[in-house]
Every structure is written in structure tokens, then in C-alpha cells.
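> The structure follows.
What follows is calculated from the coordinates using simple rules that are stated; it is not laboratory data. Only a predicted model underlies this, so the values are computations on that prediction, with no experimental measurement involved. Positions of Cβ are generated from backbone atoms using ideal geometry, with glycine treated the same way; all protein chains shown enter the neighbour counts.
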Amino acid sequence: MLIDAALYGLLEVFIPSNMLFLFVGVFMGIVFGALPGLTATMGLALLVPFTFTMSPASGLIMLAGIYVGAMYGDAIPAILINTPGTPAAIATTFDGFPLSQKGMAQHALVAAAVASAFGSLVANLILAFAAPPLAKASLAFGPPEYFWLGIFGLTIISSLSAESMIKGFLAGTVGLLLSAVGMAPIGGDVRLTFGFPELQAGIALIVALIGFFCLPEILINVIGQRRATYTDKLIEPSLSVIGQVIKALFLHPILVFRSAIIGTIVGFAPGAGGNIASMVSYNEAKRWDKHPEEYGKGTIKGVAASEAANSAMAPGSLIPLLTLGIPGSPPAAVILGALMLHGMRPGADLFSIHAHVTFAFIMGLLVAAFMVSLIGSFGSFFFSRIINIPSRYLAPAIIFMTVLGSYAIRNNVLDIWIMFVFGIVGYVSSKLKFHPAPIVLGLILGPFIEEGLVQSMLAGRASGNVFAYMTLRPISLVLIALCVMSAVWPFFAKWKAVRRKEKEEQR
Amino acid sequence: MKRFLVILLVLTSLPLLAGSSQAEFPEKAITYSIPFGPGGQSDLEARRQQPLLEKYLGVDVIVQYKPGGGGSVGWAELIKKKPTGYFISGINIPHIILQPLARGNAGYETEQLQPIAFFQATPIGLAVLKDSEFKSLSELTEYAKQNPGAVTCGGSGTWSGHHIAHLQFSKAAGITMTYIPESGAAKSIASFLGGHVQAVWANSNDLVQHEDKVRVLAFGSEKPFANMPDAPTFKSLGFDILASIDRGAGAPPGTPADRIQKLEEAFLKIATDPKIMEQMKRDGFVPLAMGSEESKAYIQKMRKAWEPVVKEFKK
């Protein structure tokens with residue numbers, strides 16, 4: 001029955017007109033993902049009115065293409081110009097941009113495409129065959145779980161800032177503080193707006209990303225050092241790179257698989273979204289690797305870990321949506337709207353009465369993943385050459401795009417100024433050897449931690465014991481254990497390294 | 001020289017004057033700003049109207065987003081726009097009433113927003129899970145009376161429609177319950193279905209969507225809610241509480257009455273379109289067709305009901 005529906009869905013996708021819709025969707029998605037300031041959510045919302053006139057299956061297949069395309073597209077600017085196209089690609093910059101600077105942009109782009117496709121594949125299979133039980137698990141996430149998930153996310157800072165943990169945590173604190181700007185999620189108090197009503201909206205993540213990641217790079221390298229091109233080496237794309245990268249990734253099956261699973265899990269916890277998925281996955285890849293020192297200096301393993309996770313997050317966030325009608329991410333919310341407009345109510349119906357349409361959508365996601373790997377691999381010839389454009393043309397073009405992107409995200413002029421201020425702060429702080437990642441991590445996690453904590457306190461007080469409410473729950477206990485492990489790990493790793501050295505010296 | 005300048009000025013302004021008096025509004029694209037993010041219910045509604053608005057008004061309608069502050073950032077922008085009718089925005093009750101009341105400086109005042117029309121109501125209901133021990137509203141109030149603060153009620157936002165309904169009901173029933181706000185209805189429903197709260201304040205469309213898992217103790221509508229006719233209303237149980245999220249469109253202060261009227265006609269034509277009404281009902285909404293003047297009166301009435309509640313609970 002399930003297999004039948006899946007095969008029927010696949011047939012639906014292979015109808016030539018639907019294939020075309022899917023391809024157009026993937027292409028649009030890549031463009032929306034690649035341009036900072038345009039998001040997958042916006043691409044989907046723009047397309048929803050067009051899907052009215054299509055059959056439900058065709059419409060959903062096209063939406064599937066956009067979603068999957070965007071999850072890859074955001075890696076392109078992350079790799080080439082150190083600017084994640086969407087927040088989900090932050091961790092892609094850690095190794096993607098260093099690779100670019102070594103003249104290996106094509107390697108990174110292909111790794112991103114292949115890992116994205118693989119992550120998508122794994123998560124889609126999980127979505128197709130194991131969604132209902134997982135959806136139940138996703139409901140077990142309550143306020144305490146979100147709080148501990150946020151704290152676990154913060155422990156990533158300790159490994160992101162190996163040189164100086166104090167600097168890392170200082171930056172993280174700044175991020176948490178920035179996340180408090182605007183209306184309090186609980187209580188509705190207006191904080192730190194300095195009299196600008198526009199600031200009630202808080203600080204947009206993408207604006208901070210552009211400011212902290214993209215502008216300092218231009219200021220330091222291109223303007224500061226008057227470099228003629230963005231990278232030291234010109235990039236010469238070649239066909240053999242595709243084969244090399246795929247082979248290299250096949251040698252690390254555990255890494256890619258683990259990343260895909262992490263992405264799926266973070267995706268199906270409603271509301272967690274992909275922003276954390278790639279960070280957590282990158283962190284775990286580095287932790288379990290035999291050569292953690294390679295990370296951050298340009299390794300395709302880092303790019304693959306991040307991209308496999310954020311692409312797996314997309315189908316993951318559809319698990320609670322399709323089974324329970326609860327959107328796990330903003331793009332999923334748009335897809336929910338599209339389903340409702342076609343008269344399909346998420347829930348059990350989707351897997352029985354509307355099974356053929358549902359599986360056409362899921363198979364659309366799957367086939368889109370393959371399209372992404374093809375477009376990404378061969379597109380890398382074209383994309384990677386962008387970085388060869390002389391700085392005197394490229395830098396102004398990038399600055400223009402950053403202004404446009406900061407404005408486009410919320411149609412707010414103040415966001416452009418915020419972006420510039422962050423750019424200058426980012427420039428100064430990178431001179432002082434602060435990495436921007438902990439700031440952004442704090443900004444992402446702040447709301448989770450705050451909401452989780454305050455809600456837990458309220459619910460805990462109602463139940464009579466706040467402490468017991470926050471700790472004595474199965475998932476909470478696991479997350480607490482992970483926090484402790486993650487916090488202690490750097491010291492453990494150091495101790496192990498020292499011991500190894502001693503052993504070698506004894507010999 | 002001076003005379004020459006005056007003549008020049010008059011000559012150049014003549015076509016402008018003539019233009020404004022002769023040309024029919026609208027003659028260029030209208031921007032329809034949504035003060036929430038893409039994909040929300042306000043956005044979906046605007047997307048549903050967009051092609052029909054274009055058909056009836058004969059010009060392009062551009063939907064854009066200005067999210068933030070629960071809508072306040074978008075409305076603060078709206079009141080600063082030129083009152084030409086070419087920039088309109090989605091407006092929501094109770095947001096536009098409660099924000100200025102609760103926040104002091106929300107960036108706009110309720111009276112500054114000129115309502116064009118309201119086209120959709122979403123009654124708010126108080127619900128529990130099917131397997132809950134509370135079979136009726138009176139059982140819940142009875143329990144809450146004996147255990148003050150022990151009942152947790154989820155909802156979306158602080159000083160929102162859900163929050164004010166919670167306060168109004170607690171006050172009317174003489175009970176204390178704990179309100180646990182979530183940022184957004186989707187998260188609130190997830191938390192409720194996961195059993196992290198005992199009851200939830202939710203919009204009718206969400207309750208319809210999860211019909212098989214929930215028991216609605218009472219709806220905040222005047223008449224019984226058509227999709228779930230068996231669920232009582234607060235009124236029928238003796239509580240004078242009206243709780244609803246109403247969606248409409250508004251224009252900047254000072255927009256000429258004839259232009260408001262043009263827009264109003266188009267919106268009402270869509271709102272009374274049988275096909276659109278059918279779609280709305282199916283998804284768990286109540287179609288509305290409230291014109292500009294009627295909307296103004298409605299806003300004032302609701303404001304009178306809410307002002308004392310906000311004053312009492314906002315320390």
C-alpha cells in the first residue's frame with residue numbers, strides 16, 4: 001500500500017509537464033536561496049497564487065522544487081563570498097570560504113550539492129516511511145526541551161572558538177543581548193529599541209549575517225589590502241573535480257549519514273528550524289573526526305556536514321506538518337497554506353485519502369534532490385568563476401547586493417543601517433580575533449532559551465516544582481547529558497592530546 | 001521676471017490639477033502591505049484576494065511584507081504613507097486596538113488607521129484534548145476555583161486576542177489560571193497537542209484542523225460556530241465575552257472618502273463572492289463583509305470592552 005502510493009507519486013513526478021515545473025521550481029529555489037535577503041519562504045509564498053490554477057499535485061511538486069533548491073542555493077554565496085544565503089548555511093561558510101580562498105571553490109560547491117542531495121534523500125525516505133511515529137516524538141518537545149536544546153546549541157561555542165574560549169563566550173553573550181532587542185516573546189515588553197518603533201521587530205538574522213560575515217571580508221581583504229581579486233588563486237573548474245569530490249565523500253559515509261540524521265531530527269522538532277541543524281552537525285563532524293584540526297581551514301568534510309544537515313532539515317520539518325498539520329519551519333507554514341487552499345487538511349487524511357498527492361509531493365522532493373546534485377555539480381563551472389571577477393567590479397556588486405538584501409528581507413530601511421553598523425563592528429572584532437559565528441549563534445538561540453525558560457517557569461510554578469518540571473523529563477535528561485558532555489569535551493580532547501604527546505615522547 | 005515665474009508655475013500645475021480631478025482612481029499599481037511574514041494567514045488571505053482585486057480595480061496589486069512587533073511595525077509605516085489610496089495594509093483586530101493600549105508607544109494610534117473593510121472573522125475558542133478530564137467549561141472553572149493557578153492555558157502572544165480572552169474569562173468566572181504564551185499559533189497548537197498545557201486558546205481554523213483530537217469548551221463568537229455547531233459559546237454559558245481575530249484592510253489617515261469607497265467596494269465584492277465564502281467556511285473561518293463605517297463602529301465597541309481589562313492587568 002505504502003509502496004504503491006510511493007510508486008504512483010513517482011509516476012506523477014515523471015509526467016513531462018510536472019518534470020518541467022519541478023525543474024523551474026528547483027532553479028527558482030536556487031536563485032532565492034543564493035541571494036541573501038530572499039528566502040525560501042518568500043519564493044514559496046510568491047508562487048502560491050500560481051498553484052491555484054494548477055492541479056494540486058503539479059502545484060505541490062513545484063513548491064517542492066523551490067524548497068529543495070533553496071536549501072542548496074544558500075551554500076553558493078556562503079562558499080564564494082562568506083555570506084550565507086539563508087541562516088541555515090552559516091556553518092557552510094566555516095570551511096567553504098577557506099576552500100574558495102585556496103582556489104578550490106569548485107570542490108566546495110560540488111561537495112555542497114552532493115551532500116545536499118544525500119541529506120535530502122535520507123530525510124525523504126524517513127519522511128515517506130516513518131513519519132507518523134516520529135511526529136509523535138516531535139510533540140514531546142515542550143518548553144524545557146527547547147530550553148535545553150538552546151543551551152546545548154550554546155556549547156557549540158566552546159569548539160567554535162578553540163583559540164580563546166573567553167572571547168567566544170563574550171561574543172556569544174553579545175549575540176544573546178542582540179536577540180533581546182525588540183518585543184519580548186513573552187510579556188510583550190518592548191526592550192532596547194532606543195525610541196525607534198521599527199526596532200520593535202527585533203534584529204533580523206539575515207541582516208546580522210550579512211553585516212558580520214560579508215562586509216568585514218570586503219573591508220579587510222579587498223579594500224584594506226587592495227587585492228585585485230577576491231581570492232589568491234584563480235579558479236580553473238574541471239570535470240575531474242566532480243569525480244574527486246564524490247569519491248572523497250564516499251570515503252566518509254558515516255559523516256554524511258550522521259549529518260543527514262541530525263538535520264532530520266532538528267527539523268522535526270517544531271520550530272527549531274535549520275539554523276541550528278547545520279551548526280550542530282558541523283560541530284559533531286569536527287568532534288568525531290580523527291583530524292579535527294582540518295576544520296575551519298578548508299575541508300570539504302566541513303561543507304558536506306553543514307549542507308547535508310540543512311538539506312535534511314527541509315523534509316524533516318515536513319514530518320510534523322504532513323502528519324499533524326504543525327509546520328516545523330516558516331517555509332513549511334507556506335506549504336501548509338498551499339495544502340489548505342487545495343482543500344487538503346494535513347493529518348491522517350494526507351496519508352490515506354490524498355495519499356497520491358502527498359506522495360507526488362514527497363517524490364517531488366526526492367527527485368528535486370537529484371536535480372540539485374546535477375545542477376550544482378555542473379553549475380559549479382559557472383558559479384565558481386564568479387569569484388574570478390576582479391575585485392573592483394565584484395566588491396561594489398556585492399555591497400550593492402548586501403544593501404538590497406538587507407532591505408528586501410523586511411522592507412525596512414533601518415535594517416540597512418543596522419547591517420552597516422554590524423559590518424563595522426565585525427571588522428573591528430575580527431581585527432581583535434573574535435569570530436562572528438558565536439555572535440550569530442547567540443542571536444539564533446536567544447529566543448529559544450528565553451521562551452523555553454520563561455514558559456518552563458510558568459508551567460513549573462503551576463505544577464508546584466519548577467526544578468523537577470525542567471529536569472525530570474526523558475528528552476530533557478538526554479539533552480542535559482549532551483550539554484555536560486559537550487561542555488567538558490574540549491578539556492577532554494586537550495588532555496588526550498597531551499597524553500598522546502607524552503606517549504610519543506616516551507618512545 | 002516674477003510674473004513670468006508665476007505664469008510658468010500656473011501653466012505647469014494646470015495639467016496636474018486637471019489630471020487629479022479627471023482621472024479615475026485607481027490609475028496605477030496599488031501596494032497591499034502585509035504587516036506579518038510570508039505564509040501567515042493574513043498573507044494567504046491577501047494572496048487569495050490579489051487576482052480578484054486586480055480584476056475589479058483594473059490595476060496591478062503588489063503584495064509586500066513588513067513584519068515585526070506583532071504587526072505594529074507595518075502599521076507604524078502605514079500611517080506615515082501618503083493618503084492617496086495607493087498604499088494600503090492588512091489590519092487585524094484585536095491587534096490594532098490592544099497594541100497602543102498595552103505598549104504606550106506602538107508607533108501608531110488605533111484611530112489613525114482608516115478601515116476600508118473587514119472580510120474574515122476567526123472566532124477564538126477555549127479547548128482541551130479529547131481525553132482531558134474536563135468535559136465542560138463548568139468542570140474546568142470548578143477545578144480552577146479549587147486549585148488557583150494550577151490550570152495552564154496556552155495561547156499565542158501577550159496582549160493578543162488569546163491573552164485578552166483569557167483575562168476576560170478568568171475575571172468573569174472569578175478564577176485564576178496560568179496563561180503560557182507562545183510566539184505564534186502553530187507553536188501554541190504543537191505545545192497543546194503534546195500535552196504541555198492543559199487547555200488552549202486557539203483560532204477556529206486551527207481547531208477545525210485538529211477537530212478529531214480536541215474538545216472545544218466554548219467559542220467566543222456571537223452565534224454557534226458553523227463548523228462545530230455542538231460547541232457552546234461563552235454567551236450561551238452566561239459569559240459576556242466576544243473573542244475573535246478579524247482580518248481587514250486599512251488606509252493611511254486622511255485618505256479621501258471616494259477612494260476608500262472604491263477600495264471598499266472591491267473588497268466587499270470579493271468577501272461576498274460565494275466561491276470565496278465557501279473556501280473560507282471549509283477552512284474554518286467565518287466570512288465577514290463589514291464596510292468602512294461599520295468597521296469603525298466595531299473597533300470602538302471592542303476598544304471599550306478591552307480598555308478596562310488591559311488597565312486592570314497591566315501594572
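> Taking amide H positions as placed in the peptide plane 1.01 Å from N, state which residues far from residue B:129 in sequence (5 or more) or on other chains have amide H under 5 Å from it.
B:215
> Follow-up question, since we're still on this one. Using Cα positions and a limit of under 20 Å, work out the aspartates and glutamates in reach of residue A:433, with same-chain residues fewer than 8 apart set aside.
Of all the aspartates and glutamates, those that pass the test against residue A:433 - Cα under 20 Å, at least 8 places apart if same chain - are A:95, A:163, A:217, A:293, A:294.
> Suppose every Lys and Arg Cβ carries +1 and every Asp and Glu Cβ carries -1, with no other charges. What dipole size does chain B come out with about its Cα centre, to the nearest 20 debye? Write down the numbers at each step before the final one.
On the way: 34 positive and 31 negative charges, 175 e Å.
Charge dipole, chain B, about its Cα centre: 840 debye, nearest 20.
> Where nothing but the Cβ of Lys and Arg (+1) and of Asp and Glu (-1) is charged, how large is the charge dipole of chain A around its Cα centre, in debye to the nearest 20?
Working: 29 positive and 23 negative charges, 254 e Å.
Dipole size: approximately 1220 debye.
> Using Cα pairs under 8 angstrom and six or more residues apart, how large is the relative contact order of chain A, in percent? Let's see the in-between values first.
Working: 972 pairs, mean separation 144.2, N = 507.
Relative contact order of chain A: 28 percent.
> Relative contact order, percent, of segment A:179-222 when contacts are C-alpha pairs under 8 Å separated by at least 6 residues?
Values: 34 pairs, mean separation 13.7, N = 44.
Result for segment A:179-222 is 31 percent.
> Further, regarding this structure: May I ask for the angle, rounded to the nearest 10°, between helix B:292-313 and the longest principal axis of chain B, with both axes built from Cα atoms and the value confined to 0 to 90°?
Orientation of helix B:292-313: about 50 degrees from the principal axis.
> Okay, next question. If I fit a long axis through the Cα atoms of helix B:161-173 and take the longest principal axis of the Cα atoms of chain B, what angle between them do I get, 0 to 90°, rounded to 10?
Value to nearest ten degrees: 40.
> Could you pull out every residue, at least 5 positions away or on a different chain, whose amide H is within less than 5 Å of the one on residue A:191? Hs are placed 1.01 Å off N in the peptide plane, and Pro or chain starts have none.
Those qualifying (amide H under 5 Å, at least 5 residues apart or on another chain) are A:182, A:183, A:184.
> Could you give me the ³J(HN,Hα) list for segment A:187-199, computed from phi with Karplus coefficients 6.51, -1.76, 1.60 and θ = phi - 60°, whole Hz, x at Gly and Pro?
Karplus-based 3J(HN,Hα) across segment A:187-199 equals x, x, 5, 9, 10, 6, 9, 6, x, 8, x, 4, 6 Hz.
> Which of the DSSP-defined H helices in chain A satisfy a minimum axial length of 20 Å, computed from C-alpha atoms, and a minimum mean Kyte-Doolittle hydropathy of 0.0?
TM-like helix candidates: A:16-34, A:56-73, A:105-139, A:143-160, A:165-179, A:253-268, A:300-324, A:355-385, A:391-410, A:413-431, A:437-463, A:474-506.
> Still on this structure, please answer the following. Taking Cα atoms, how many degrees apart are the long axis of helix B:137-146 and the longest axis of chain B, rounded to 10 and kept between 0 and 90?
Approximately 70 degrees, to the nearest 10.
> If you average the sequence gap of Cα pairs under 8 Å that are 6 or more apart and divide by the length of chain B, what percent do you get for the contact order? Intermediate results must be reported in sequence, preceding the final value.
Numbers: 572 pairs, mean separation 76.3, N = 315.
Averaging sequence separation for qualifying contacts and normalising by length gives 24 percent for chain B.
> Filter the cross-link list A:247/A:503; A:167/A:501; B:130/B:281; B:82/B:296 down to pairs whose alpha-carbon distance in this structure exceeds 31 Å.
Working: A:247/A:503 35 Å; A:167/A:501 27 Å; B:130/B:281 23 Å; B:82/B:296 21 Å.
As for pairs spanning more than 31 Å Cα to Cα, those are A:247/A:503.
> To make sure I understand the rule: partners must be aspartates and glutamates, Cα under 17 Å from the Cα of residue B:81, and not fewer than 8 residues away in the same chain. Which ones qualify?
Answer for residue B:81, where 17 Å is the Cα cut-off: A:198, B:109, B:111, listed by chain and number.
> Sticking with this structure for a sec: Excluding residue B:73 itself, what net charge comes from residues whose Cβ is under 13 Å from its Cβ, given Lys and Arg +1 and Asp and Glu -1?
On the way: positive: A:410, B:66, B:80, B:103; negative: A:198, A:415, B:77.
Around residue B:73, the surrounding residues sum to +1.
> As a test of the formula, what do you get for chain B when each DSSP H run with n ≥ 4 contributes -39,500 (n - 2.57) and the sum is divided by the residue count, at 222 nm and rounded to the nearest 500 deg cm²/dmol? The partial results should precede the final answer.
Values: 11 runs with 138 residues, N = 315.
Calculated from helices alone, the mean residue ellipticity at 222 nm is -14000 deg cm²/dmol.
> OK, next. Residues in segment B:144-183 near a label at residue B:305, defined as backbone nitrogen under 17 Å from the 7 Å Cα→Cβ point?
Answer for this model: B:159-173.
> Here's something else I'd like to know. So who's got an amide H within less than 5 Å of the one on residue B:63, skipping anything under 5 residues away but keeping other chains? H placed 1.01 Å off N, in plane.
Answer set, sorted by chain and number: B:32.
> Moving to a separate point now. Counting Lys and Arg as +1 and Asp and Glu as -1, what is the net charge of the other residues whose Cβ lies under 15 Å from the Cβ of residue A:412? Present the calculation step by step, with values, prior to reporting the outcome.
Working: positive: A:410, B:66, B:80, B:81; negative: A:198, A:415, B:77.
Around residue A:412, the charge tally is +1.
> On to the next question. Summing Lys, Arg as +1 and Asp, Glu as -1, what charge do residues with Cβ under 13 Å from the Cβ of residue A:88 carry, residue A:88 excluded?
Values: positive: none; negative: A:74, A:307.
Combined, the nearby Lys, Arg, Asp and Glu give -2.
> Given the rule -39500 (n - 2.57) for each run of at least 4 DSSP H residues, summed and divided by the residues of chain A, what is its mean residue ellipticity at 222 nm, to the nearest 500 deg cm²/dmol? Walk me through the intermediate numbers first.
Numbers: 22 runs with 374 residues, N = 507.
Calculated at 222 nm, the ellipticity per residue is -24500 deg cm²/dmol.
> Related question: Can you give the % of DSSP beta bridges in the protein assembly as shown that are antiparallel, to the nearest 5?
On the way: 27 of 43 bridges.
If we restrict to bridges inside the protein assembly as shown, about 65 percent are antiparallel.
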